[in-house]
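The values are calculated or read from the model by the stated rules, or taken from the named source; none is laboratory data. Please read these numbers as outputs of a predicted model, since none were measured by experiment. Methodologically, a virtual Cβ is constructed for each residue, glycine included, from the backbone with ideal geometry; neighbour enumeration extends over all protein chains shown. Accessible surface areas use protein heavy atoms only, side chains included; no ligands, DNA or RNA. Shrake-Rupley method; radii C 1.70, N 1.55, O 1.52, S 1.80 Å.
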Amino acid sequence: MLSLIAVALLATTPTLASHSLLTPSEARAVSARLLVAQAPETERPEVDAPSDTPALRQEDLDARARELTLRISKLQSEIRTIDTNWPTGSLVMAYSGYVLAPLLLLGIPLIIYGVSTSSDDNRGALVALGTGLSVGGAAGVGLLIAGITHGSRRAAVNRAHREQLVNERIELEDELRDVKARRDARGALQTRTWTPRPSLPLVAFAF
């Protein structure tokens with residue numbers, strides 16, 4: 001009897017509304033696209049651009065690299081043609097003077113001996129021979145000094161000119177490396193440029 005009364009009471013009592021997984025919620029559904037739009041925008045990482053100003057275009061960098069390469073090639077060819085040794089004329093004068101200079105050591109003693117001899121005939125011959133040898137020796141000394149001086153001076157000038165060209169070539173090579181690095185960095189920067197792409201909408205389920 002009591003169980004029948006309890007069943008009757010439960011049947012007449014209003015039931016609370018329950019939500020099922022398939023029942024749509026009264027709250028407004030929020031889509032994933034809206035959530036993404038409302039989310040704070042994150043800053044994109046900035047790519048460090050080359051600090052050199054003004055910025056050159058890719059074509060300008062390529063043209064500058066070709067120009068520097070051509071100038072370096074010309075400088076290298078000119079450097080190879082510079083001879084830092086003594087000129088041939090200076091060498092000839094120095095060797096000739098080296099051969100003739102010892103005659104002075106023979107001519108002076110002959111002059112002294114000829115002047116001191118008692119015979120007039122021997123005196124004249126010895127003095128003349130000693131004078132000729134002394135003149136040849138003096139000429140040899142002059143040629144030796146001139147050859148050494150001229151050869152050393154010309155070699156020093158050629159060495160200085162060659163060193164100047166080498167320093168200029170080094171500067172151009174440094175600039176060429178910098179231009180190539182900037183060109184490669186610009187190409188990599190253009191490759192890594194971020195381009196936005198359309199995204200697919202997402203469906204959100206409200207429980």
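Here are a few things to note about the model shown:
- Considering only P102, G132, I170, and ranking their Cα positions along the charge dipole of region 48-188 that arises from unit charges at the beta-carbon of Lys, Arg, Asp and Glu, the one farthest toward the positive end is G132.
- S152 - accessible surface, heavy atoms, 1.4 Å probe, Å² rounded to 10: 50 Å²
- The solvent-accessible area of T88, taken with every protein chain present and a 1.4 Å probe, is close to 100 Å².
- For region 109-191, size of Cβ-based charge dipole, Lys and Arg +1, Asp and Glu -1, in debye: 340 debye
- Difference of contour (0.36 nm per residue) and Cα-Cα distance, A139 to D174: 7.4 nm
- For region 78-119, the residues whose backbone nitrogen is under 19 Å from a point 7 Å from the Cα of A146, taken along Cα to Cβ, are 86-104.
- With contacts taken as Cα pairs under 8 Å at a separation of at least 6 residues, region 59-195 carries a relative contact order of 37 percent.
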